[in-house]
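K.L.:
First, the structure itself, so that you have it in front of you.
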Amino acid sequence: MPLPDRPVDAADIETVWGQAIHDWTFAPVGCDLDTATTRTVDTTAGGQKCHMDTVNSDPAGFLDAANDQAEVPTGMDGLYLLVSRLNSVDGSAGDGFQTRQYIYVNGSAVASTVEDNAAGTNIVVTVTCLLSLTAGDIITVFAQRRGSGTNPTVQLISFQLLRLGSDYGA
């Protein structure tokens, strides 16, 4: 569907323009993914790829479960809000023991955050970012242990991608 344009006087907004506005406002493009699979991560530079293989909602078909990644479908270019939540447990507690989550787009890190580990207590490591994405862009989640101590076990508990619009507006 073409991007909506500003309506003009006497325009019939029940045609393409009105349908596009409806879709962008009430049913925006995106996906809600996660996994039931855990993995133990170490201090490997850049982290280890997290599993991504379960669909909660993905009408446009972003999930590439065979490769543990999301891929932007054709015609779904735009400005996206990404919220990724990773559960981490069993990493050593104390100063300097952390779990880092990275978001990669096309093999390059674009966002990351760290949280302190708490041994046997589950912690949530959350990354939120805005991304300008085009068809074919591949989004992956990686995790890494920071500091010494016990390697944490991580699980992607929520990966949500939501198109906000086509670009930043005026």
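Quick note: the coordinates plus some simple rules give every number you see, no bench work behind them. Please read these numbers as outputs of a predicted model, since none were measured by experiment. Note that each Cβ is placed from the backbone with ideal geometry, even for glycine, and that neighbours are counted across all protein chains shown.
K.L.:
Relative to the longest principal axis of the chain, what angle (0 to 90°, nearest 10) does the C-alpha long axis of helix 16-26 take?
P.N.:
That works out to roughly 30 degrees.
K.L.:
Something else: Count neighbours as other Cβ atoms within 10 Å of each site's Cβ, and list the chymotrypsin sites (Phe, Trp or Tyr not before Pro) in region 75-164 that are DSSP loop with at most 14 such neighbours.
P.N.:
Here no loop site has a sparse enough neighbourhood.
K.L.:
Under a 5 Å amide H to amide H cut-off, with H placed in plane at 1.01 Å, what residues pair with Tyr80 once short-range neighbours are removed?
P.N.:
Leu131, Ser132, Leu133, Leu164
K.L.:
OK, next. For region 107-117, just list the computed ³J(HN,Hα) in residue order, Karplus coefficients 6.51, -1.76 and 1.60, θ = phi - 60°, integers in Hz, with x standing in for Gly and Pro.
P.N.:
These are the phi-based 3J(HN,Hα) values: x, 10, 5, 10, 7, 7, 7, 10, 9, 5, 6 Hz.
K.L.:
From the residues Phe97, Val114, Ile157, which one has its Cα farthest along the dipole of region 29-165 in the positive direction, the dipole being from +1 and -1 charges on Cβ of Lys/Arg and Asp/Glu about the Cα centre?
P.N.:
Phe97
K.L.:
May I pose another question? Thr44 to Leu79: extension gain in nm, 0.36 nm per residue of separation minus the Cα-Cα distance?
P.N.:
In short, 9.5 nm is gained.
K.L.:
Taking a label point 7 Å from the Cα of Ala119 along the Cα→Cβ vector, which residues of region 126-164 have an amide N closer than 14 Å to it?
P.N.:
150
K.L.:
Here's something else I'd like to know. What do you get when you divide the Cα radius of gyration of the chain by 2.2 N^0.38 Å, with N the number of residues?
P.N.:
Relative to the rule-of-thumb radius for its length, the chain sits at 1.21.
K.L.:
While we're looking at this one, here's another question. Quick check for you: which residues of region 77-91 have the amide N under 16 Å from the point 7 Å beyond the Cα of Val110 toward its beta carbon?
P.N.:
77-85
K.L.:
Continuing with the same structure: Determine ³J(HN,Hα), in whole Hz, for all residues of region 63-77 in sequence, where each value follows from phi through the Karplus function 6.51 cos²θ - 1.76 cosθ + 1.60 and θ = phi - 60°; x replaces Gly and Pro.
P.N.:
5, 10, 5, 4, 10, 6, 7, 10, 10, 5, x, 4, x, 10, 4
K.L.:
Now, a different point. Listing Asp167, Asp53 from the residue with the fewest other Cβ atoms within 10 Å to the one with the most, what is the order?
P.N.:
Numbers: Asp167 11, Asp53 17.
So the residues, fewest neighbours to most, are Asp167, Asp53.
K.L.:
Once you have the Kirkwood Rh of region 64-151 from its Cα pairs, apply Stokes-Einstein at 25 °C and 0.890 mPa s and quote D in µm²/s.
P.N.:
Details: Rh = 14.0 Å.
Answer, rounded: 175 µm²/s.
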